Ligand SMILES: Cc1ncc(C[n+]2csc(CCOP(=O)(O)OP(=O)(O)O)c2C)c(N)n1
């Protein structure tokens, strides 16, 4: 039962609590987070880890005047609860309810919208320069995880911030984890800093001692500052952040509110960039999540405390099996992911082929160009990234893969609606942004079997291929049979029908087939095309069926602009066909969070709507 939490309606209320009460509040916050995530799903381990950090930040800073930017934003639950959203917290990630990420429109305490990683320092620096130019006075604080710090943007922003020297506070929330244990040389550097308390403590003690010697004190302290680098190199080799122009404070225990507050106060008093290194434990306070933080990073409703048996028939798990199969057969096959080996189904591959598996960290742009490098030197790289995160690598796909026509395979997972993570995570733009690139082929398999055949076929193709598949379940591939080469650029007529042609791909095909059944009962013969090859598009099959049926209905879980629907319209226009066409797709607006089924309902991606639209289409004649 929440006793104290019920009295916290804004961060001001925190200031009335004593240390024991704050500790009690942390327990209550963890309870409510656990309870609601259990019901609604969400990011559990990261949120449990930052409860004390959130309170310390709100005690030290005066939000919303001071700006707090949560990188990724998946760890902002405690922040939401104590900034006036306690009562709505039960609606977290539900349609019409609170978003799982910070949203400026939701609260003035959410200073910036996040969802994709590594943006916080850039945004914070932008705000800090706006403050300076407009001669305002407030603090800007970016809270970034050690995983997100791997992203290229974070480095680009550090680089500028260190040179600008403006007042900016970065809180590095170091829990040694991205989703899985953090990777890379920077994470080794953080390990080093973590274990080298001697540097900060030694530095502080020396300044304190020297400045307290009367008369001589300040001068000596200044002298000491000048020899700081020397001390630094003696104590910690390569203090990256100080070299970049930041004052480094910490490391500090991220579960001790008082210790963090002290450093935050120190940072507030400085006029130049500061980085505070905070050490937290992911999953803190909930034993299963403390033990397996990766498993409890993001959870679905009711998966707690024991995660449900993993369904082996998701597109992702089929992809994981196919990758192992292909790697066993071809030693040039490599797998690349960006901090999501589990999410993309590559764990088994990673275990079996450690030398051919590369987790580059949250660095999608690098992942793609790294793959291009491998392909140019004779390997067959497959880059597995979610559709929404591939957006990061738009130019790398175009400039480094497509223009030189390199045989890189993009495995685009979570293509289509993803549901509860909302607008920042929907995978509904990839066809549009890839279709316009030269040389690339795009395949959208309808099930596990076709996905396996698509990868098998793509590995023999000499140029770039994107294979997109959804988050959902599918029939498994028949791994005991040999994979089949797909006829390049040929689509499949799943059902004959001379009254109307329904065209779709991927997870929407079963909807189209069901609608065709219903139409059949009404005496209407609907043909169904599986447009698995979107590029090169099977124009012959399209034109042949269109001529036969005289009506075209396209359904896709993708934005209207640049999707299959607009592709078909372009082809029909080029062939001077003026048959009536109807497209059911997602409109040009934010596709918010909610269950996938609810979102489909909202936008007419349903069997009923396909039937209705087909009937209306037939009324339009031809
Ligand atoms: C560009 C991008 N790639 C991938 C993700 C998926 N993702 C969400 S949280 C996360 C790990 C973040 O690690 P860290 O910053 O250390 O935060 P922690 O969860 O450990 O608190 C990843 C990879 C993302 N949000 N954005």
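Here are the numbers for the structure shown:
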read-out: Among (1) out of contact with any helix residue (DSSP H, G or I) (no Cβ under 6 Å at 6 or more places or on another chain); (2) within 30 Å of residue 168 (Cβ to Cβ) - the single one residue 24 does not satisfy; value: (2)
read-out: Options 260, 234, 323: the member that is at pLDDT 95 or above and more than 24 Å from the chain's Cα centre (by Cα); value: 260
read-out: Residue in segment 22-37 that is within 16 Å of the ligand (Cβ to nearest atom) and either at pLDDT below 95 or farther than 21 Å from residue 291 by Cα (or both) present; value: no
read-out: Residue in segment 440-460 that is out of contact with any helix residue (DSSP H, G or I) (no Cβ under 7 Å at 6 or more places or on another chain), outside the structural domain of residue 91 (by TED's automatic domain parsing), closer than 27 Å to residue 150 by Cβ and in a strand (DSSP E or B) present; value: no
read-out: Residue match in segment 136-144 (condition: surrounded by fewer than 24 Cβ atoms within 10 Å (Cβ to Cβ), farther than 13 Å from residue 71 by Cβ and modelled with pLDDT under 95); value: no
read-out: Residue match in segment 298-315 (condition: modelled with pLDDT of 95 or more, outside any loop (DSSP other than H, G, I, E, B) and either within 16 Å of the ligand (Cβ to nearest atom) or more than 29 Å from the chain's Cα centre (by Cα) (or both)); value: no
read-out: Count - residues of segment 38-59 that are within 14 Å of the ligand (Cβ to nearest atom) and more than 26 Å from the chain's Cα centre (by Cα); value: 0
read-out: Residue within segment 323-336 that is within 16 Å of the ligand (Cβ to nearest atom) and assigned by TED's automatic domain parsing to the domain that holds residue 403 present; value: yes
read-out: Any hit, segment 11-28, residues being under 25 Å from the mean Cα position of the chain (by Cα) and closer than 27 Å to residue 262 by Cβ; value: no
read-out: Qualifying residue in segment 331-346 (condition: surrounded by fewer than 20 Cβ atoms within 10 Å (Cβ to Cβ) and not in a loop (DSSP other than H, G, I, E, B)); value: no
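Residues are listed down the side, and each one gets a yes or a no for (1) surrounded by fewer than 17 Cβ atoms within 10 Å (Cβ to Cβ); (2) more than 14 Å from residue 511 (Cβ to Cβ):
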| position | (1), (2) |
| --- | --- |
| 535 | no, yes |
| 549 | no, yes |
| 572 | no, yes |
| 581 | no, yes |
| 585 | no, no |
| 600 | no, no |
| 604 | yes, no |
| 607 | no, no |
| 618 | no, yes |
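Rundown of residues vs (1) out of contact with any strand residue (DSSP E or B) (no Cβ under 6 Å at 6 or more places or on another chain); (2) surrounded by fewer than 24 Cβ atoms within 10 Å (Cβ to Cβ), yes/no style:
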{"residue": "28", "(1), (2)": "yes, yes"}
{"residue": "43", "(1), (2)": "no, no"}
{"residue": "58", "(1), (2)": "yes, no"}
{"residue": "71", "(1), (2)": "no, no"}
{"residue": "78", "(1), (2)": "yes, no"}
{"residue": "84", "(1), (2)": "yes, yes"}
{"residue": "93", "(1), (2)": "no, no"}
{"residue": "107", "(1), (2)": "yes, yes"}
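The values are calculated or read from the model by the stated rules, or taken from the named source; none is laboratory data. This structure is a prediction, so every number in the text was calculated from the model and none was measured. Cβ: placed from backbone, ideal geometry, glycine included. Neighbour counts: every protein chain shown.
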